[in-house]
Structures are given as C-alpha cells and as structure tokens.
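Take a look at the structure below.
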Ligand SMILES: [Zn+2]
C-alpha cells in the first residue's frame, strides 16, 4: 500500500469531527495526529480496524495545538496516578507529544483496563508511556533517554524518512534471495551476514573479533563491493555482545543513516558495551575504529522492538524477534521475504536449555525455509555436563579453594556475570556453598541495572520474584560492588572471597588487576565460566601459559608468573552444546529445508554440518568469509 492509499483508507474510516491534522510514517508505524486523541483512545476499535486493513501498526498522537502546558499536565498526571504507584520521574517529549512516567508499580499507574491512561489523554492530550523504574538504577538507560529527548526533532525526521523508505513502491517481484558471510563464518567473532533480495539489503549483526589485531581478520569485510552502505535498508542486531554489535558505530562513522532494529534490552546493553569497548581501547592506548559521537548516532537510529512484534523493515522484508535464551534481550531473528515467498531464521547465539536467568530459545515459527545457526559448541566432543552437574562441580571447586585461597572469575559484564551471581546466591542461600564475601567489579552492576529494568525479558522464576514477591535476587546481601580501585589491595590482602570481574576473556578490565595480584599464589584459583576466543589472554592461560606480560599504569612492562590454579567449568554456557544444537534442529517447527552453519571454529562448523545432514537429511552449507549462498 502506498502512502496515498494508506492516507485515503484512514480518512475514510475516521469520523471527520476527530480533527485529523497529519498522517505520517514513523519508522515502521503510521502516526495519526488529531485534535481529539481521547476519542481514538477510548474507541480503540476504530484504530484496530484500520491497522488490520492497512496491515501496519498505528500510533495516535495529539496535535501540538491542543496539548496542555507541560507544568499543568504534570500536575494532572500526579493527580490521576495513585500515590502508591510511586512516580519517580516525569519527562515530556514535545515532538511526539509523549509523557513518559517512570513508576515503581506500573500496574497501579495504568489502572484497571487502562483507565488512568485514558484519563490522562482526556485531561492533558499528552500520550502517556508508563515504564518501570529499575530497582538498581542504570546510568546507560537514563543517558539514552535524555539523549533521545535532546534529539527529538532529528529523531522524528529520521523516523519519517525511514517509513517512507520502508513503504516505497517496489521495482520488481520479490526474489533472488542470497546471504553473504562478511564475518563470523567458520570462525567465532565479527558476526555479519548480508541478506539481499532484488529489492532490499539487510545486514544481520555487525560485530568485531576481539582476539585479532589485523583489520582484515578483526572487522567484518564491509570493504568489498558486495556491501554498499548507500543501499543498506536496515541493520538487525541479535544481541549485545561485542562480536555481534561492536562494529555497528563504524557504519555511522562512514555515513550510514538508516535504522537499527533490536530488542528493547539490546538497545540499552549494546550502547553500554560499545562505550566500554572505546574506554578499554583508550586505556590501552590503542586506536579505536570509531568515536563516542558515532555511538550516539546509533542511539538516534535504533528502533527497539518487543519479542513477537511483526515489523516491516523494507518493501519486501518483515522482521520478528524471538527469545534466544543467550543473554538478556538476545533474539532469534525471523525474516519473512515477499508475501509468503521465503522465511529465514537466524539464531544469533542461542541457548536451547535451562539457565537461571532466561527461558530456553524459541523454536516455533509460522514458517522456516532456511535456518542459519551458530555452532560454537557444535564439535563432536562438545557435549557439556548437565546443568545440575555443572553447578555441583562449580560449588565443590569453590568450597575447596575457599578453604585457603581466593576465587577469581573473569566474566563478560552482560549475561554470564548475572547468571553466575544467581548461581552463587542460590547455593549460598541453600547452605551448600560456603558463605564468603562476593566482590563484583567492572561494568557488571550497570549491566545488572539494565536487567532489572526489563523483567519481562527474564525467566519466569526471576520475573516473579522481582514483580510479585518484591525480592530482587540481584540485590542479595552477599554481593559487594567495588566502586573504588583502591579497595582492591584490601580485598587481595583479606580472607577467602570470590571476585567476579570483567573482562570475560581477560583482554583488559579490572580482572587483570586482580589476576596480577593473585597469580603468584597456588592457593588461589582462576575459574573460567565462559567461552575464550582464540588469541585472547584467557585462551592462552587455559592452554597452559606460565608467564604473562602486562603493562602497569606508567606503561612499564611487568612479568607475572602464573602459579595459581587455572580451572574451566563447562556447562554455564549461554550457548547450546552439541546435543542442544542437534535437538534444536529436530524440534524447530516447521522443519527447515536447509541449514547454514556459522559462528564456530571451522572444524566445529563442519562436524555439526555433517551430523545435521546425516541425522536430519537436510542440505547444509558452511560458507567461508565472502562466500554467498543463494537461497531462492
Ligand atoms: Zn553472544
């Protein structure tokens, strides 16, 4: 449907006295500006009817001329929202006519059947958005919100132009669907897959490889002619790990001004991750590939989505995100090409099994022709111990070491950190893990704050504890956040304890400081609980490195002798192991016609591909970097 047709359909269905002043694209949605928004809000069926007819999401916005003055509107909001809802912040966005009301208890603020919201629209003609104030406040979320408000006009223009591009008239019938691996294929790191049709061009993920120095191995191959920034319709990010989103700001540095789609939590987490990456590069005196300004461009151009929300992202591609069970907000990306023509499921990193933090990955889709799946643990020997066995080993190891020494756990700030926190909290509470102080340092607390802001993306169990029982397991009394680096000496000199610190692959961050101080003593233990990419210090220690060179704050080289115990506990992974990968291929519904294997070391890709073609009789591909697979 063209803009003119959409406009006609809307004007025909909406009674004239509602006073429509503008109809505009707002990204993938259509915005209707009216002088009487309260009527459309009250009589929701009118808008629902139109949405069904034009097959697009609709937002109702008030014409700026009818909105109550902000100070008066704030007074009205405070009068309507009951005191027990606990308002913590009210922010007005005059461009969109929205008032964001941050509250402790969203249910009470919304009222029965949305009664309070309707009342706010009626009395103020501002559109209320209710959000939960996170129990652990997150600076990132606040900064993103403030930045977006400051760029409200620019944001409005971006959304309108994006909408016009999405709903442009097509030049040909849909077809020629092909996928090119620009990174993250037959390797782990720098994930980037280019999907092209006759009409559009979409990039899935845009990561970096933290273990590689040479740009040709470290960044996606966007230098090739297959990739044209000017033709790119959208970028979709599966989750906020550096190897999936770390290179995204670079696209903006080189002039990309189109949208990025990802889940709500990913939109916050990836900004945190990218900013931290810049900081780490800066501290180490290395040249970063982009600047903070480019990260801010990402904020302005991100369109966050909920799981299950079907969204047009180009004239012939529809996107839906589903839970991937890997980290908070991680998504399996479902792409529907043409009207009923072809369907692709890209798993990103996914966990098809139990974790404390998240539900297992979604496996039911309306249609699937091609499955693009990761194979990090796809090798024939990559069968992990069961989850209960894993926890038992972890607890036994900690109990043993803590008799005399300290346990140092390097973790990525997002995901594994919170998972390990939950495991430690549960076992200390039950009494089978010795109660010692647990020190947490790095961006972990900030990432935890983002977790508590999106409880609906967490596992049912944790969500219920936060929402209904009012006990937030992330705020357990066992945990101490280390805010001042000078406390490190005290911790290292003190008694047995557990230290959880970033970065996860020991490529920098406070974990290095603890490591340097604990490494000489064989009573201490370094315990890996996450995947170590080839080339990283973490991987080299796992392989038996006995001397580590580091630089101190004055830039002088130091040699650390490694005498501490080095352990790896397999099984906490946010990735599916071999069994789970194969059972996913068996259970995914409907059954795909073919499978592309990626995100695994070469041997693992091949071993998984062999198993899938043998057991499931499905054609498989393991494309090399820059190889293109034609799907249709
Ligand atoms: Zn990941």
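The values are calculated or read from the model by the stated rules, or taken from the named source; none is laboratory data. Here the structure is a predicted model, which means the values were calculated and not measured. Cβ coordinates were reconstructed from backbone atoms using ideal geometry, including for glycine residues, and neighbour counts include every protein chain displayed.
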Confirm whether residue 339 is in contact (Cβ under 8 Å) with a residue 60 or more places away in the chain, over 23 Å from residue 165 (Cβ atoms) and out of contact with any helix residue (DSSP H, G or I) (no Cβ under 7 Å at 6 or more places or on another chain).
no
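Within the range 4-52, which residues are in a helix (DSSP H, G or I), touching a helix residue (DSSP H, G or I) at 6+ places or on another chain (Cβ under 7 Å) and within 22 Å of residue 318 (Cβ to Cβ)? Don't jump to the end; show me each part of the working.
First, pick out the residues of the range 4-52 that are in a helix (DSSP H, G or I): 4-13, 16-18, 37-42, 44-52.
If we keep only those that are touching a helix residue (DSSP H, G or I) at 6+ places or on another chain (Cβ under 7 Å) as well, we get 6, 9-10, 13, 18, 37-42, 46-47, 49-50.
Within the range 4-52, 6, 9, 10, 47, 49, 50 qualify.
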For the range 594-608, indicate whether the set of residues that are out of contact with any helix residue (DSSP H, G or I) (no Cβ under 6 Å at 6 or more places or on another chain), away from the ligand (no atom under 16 Å from the Cβ) and farther than 21 Å from residue 184 by Cα is non-empty.
no
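Among 516, 523, which is away from the ligand (no atom under 16 Å from the Cβ), surrounded by 14 or more Cβ atoms within 10 Å (Cβ to Cβ) and within 24 Å of residue 278 (Cβ to Cβ)? Quick ask: steps written out before the conclusion?
On the way: 523 fails: within 24 Å of residue 278 (Cβ to Cβ).
Selected residue: 516, the only one of 516, 523 that is away from the ligand (no atom under 16 Å from the Cβ), surrounded by 14 or more Cβ atoms within 10 Å (Cβ to Cβ) and within 24 Å of residue 278 (Cβ to Cβ).
So which of 26, 102 is touching a residue at least 12 places away in the same chain (Cβ under 8 Å) and under 24 Å from residue 467 (Cα atoms)?
On the way: 26 fails: under 24 Å from residue 467 (Cα atoms).
Only one candidate passes the filter, namely 102.
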Which one of the conditions (1) buried (at least 24 other Cβ atoms within 10 Å of the Cβ); (2) more than 22 Å from residue 372 (Cβ to Cβ) does residue 260 fail to meet, given that it meets all the rest?
(2)
Please indicate, with yes or no, whether at least one residue in the range 363-379 is over 17 Å from the mean Cα position of the chain (by Cα), more than 23 Å from residue 619 (Cα to Cα), surrounded by fewer than 21 Cβ atoms within 10 Å (Cβ to Cβ) and not assigned by TED's automatic domain parsing to the domain that holds residue 58.
no
Residue match in the range 548-561 (condition: under 30 Å from residue 378 (Cα atoms), in contact with a strand residue (DSSP E or B) (Cβ under 8 Å, 6 or more places away or on another chain) and more than 16 Å from the ligand (Cβ to nearest atom))
no
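Residue-wise test of (1) at negative phi; (2) in a helix (DSSP H, G or I); (3) modelled with pLDDT under 95.
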position: 409; (1), (2), (3): yes, no, no
position: 414; (1), (2), (3): yes, no, yes
position: 424; (1), (2), (3): yes, yes, no
position: 429; (1), (2), (3): yes, yes, yes
position: 433; (1), (2), (3): yes, no, no
position: 445; (1), (2), (3): yes, yes, yes
position: 452; (1), (2), (3): yes, yes, yes
position: 456; (1), (2), (3): yes, yes, yes
Selection count where residues are within 34 Å of the chain's Cα centre (by Cα) and exposed (fewer than 15 other Cβ atoms within 10 Å of the Cβ), scope the range 551-567
3
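From the list 477, 461, 469, pick out the single residue that is part of a helix (DSSP H, G or I), loosely packed, with under 14 Cβ neighbours inside 10 Å, assigned by TED's automatic domain parsing to the domain that holds residue 543 and at pLDDT below 95.
The conditions single out 461.
Report yes if some residue within the range 385-407 is within 16 Å of the ligand (Cβ to nearest atom), at negative phi and either buried (at least 24 other Cβ atoms within 10 Å of the Cβ) or under 21 Å from the mean Cα position of the chain (by Cα) (or both); otherwise report no. Steps first, answer last, please.
Our first condition is that a residue be within 16 Å of the ligand (Cβ to nearest atom); within the range 385-407, this holds for none.
No: the range 385-407 contains no residue that is within 16 Å of the ligand (Cβ to nearest atom), at negative phi and either buried (at least 24 other Cβ atoms within 10 Å of the Cβ) or under 21 Å from the mean Cα position of the chain (by Cα) (or both).
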Do any helices (runs of 4 or more DSSP H) lying entirely in the range 523-632 carry at least 3 residues that are in the same structural domain as residue 493 (by TED's automatic domain parsing) and without any contact (Cβ under 8 Å) to a residue 60 or more places away in the chain, and which ones are they?
537-542
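Given 84, 74, 119, which one is in contact with a strand residue (DSSP E or B) (Cβ under 6 Å, 6 or more places away or on another chain), assigned to a helix (DSSP H, G or I) and surrounded by fewer than 20 Cβ atoms within 10 Å (Cβ to Cβ)?
Details: 84 fails: in contact with a strand residue (DSSP E or B) (Cβ under 6 Å, 6 or more places away or on another chain); 119 fails: in contact with a strand residue (DSSP E or B) (Cβ under 6 Å, 6 or more places away or on another chain).
None of the others qualify; the one that does is 74.
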Residue within the range 230-237 that is within 18 Å of the chain's Cα centre (by Cα) and either over 28 Å from residue 166 (Cα atoms) or not assigned by TED's automatic domain parsing to the domain that holds residue 183 (or both) present
no
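Take residue 451 and decide whether it is in contact with a helix residue (DSSP H, G or I) (Cβ under 6 Å, 6 or more places away or on another chain), free of Cβ contacts under 8 Å to residues at least 40 places away in the same chain and not assigned by TED's automatic domain parsing to the domain that holds residue 241. Explain how you work it out, then say what you get.
Details: in contact with a helix residue (DSSP H, G or I) (Cβ under 6 Å, 6 or more places away or on another chain): yes; free of Cβ contacts under 8 Å to residues at least 40 places away in the same chain: no; not assigned by TED's automatic domain parsing to the domain that holds residue 241: yes.
No: the conditions fail for residue 451.
Which is in contact (Cβ under 8 Å) with a residue 24 or more places away in the chain and within 16 Å of the ligand (Cβ to nearest atom), of 311, 376? Steps first, please.
Values: 311 fails: within 16 Å of the ligand (Cβ to nearest atom).
Result of the check over 311, 376: 376.
Being modelled with pLDDT of 95 or more, within 16 Å of the ligand (Cβ to nearest atom) and buried (at least 22 other Cβ atoms within 10 Å of the Cβ): is that true of residue 344 here?
Values: modelled with pLDDT of 95 or more: yes; within 16 Å of the ligand (Cβ to nearest atom): no; buried (at least 22 other Cβ atoms within 10 Å of the Cβ): yes.
No: the conditions fail for residue 344.
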Does at least one position in the range 283-303 carry a residue that is within 16 Å of the ligand (Cβ to nearest atom), in contact (Cβ under 8 Å) with a residue 40 or more places away in the chain and under 19 Å from the mean Cα position of the chain (by Cα)?
no
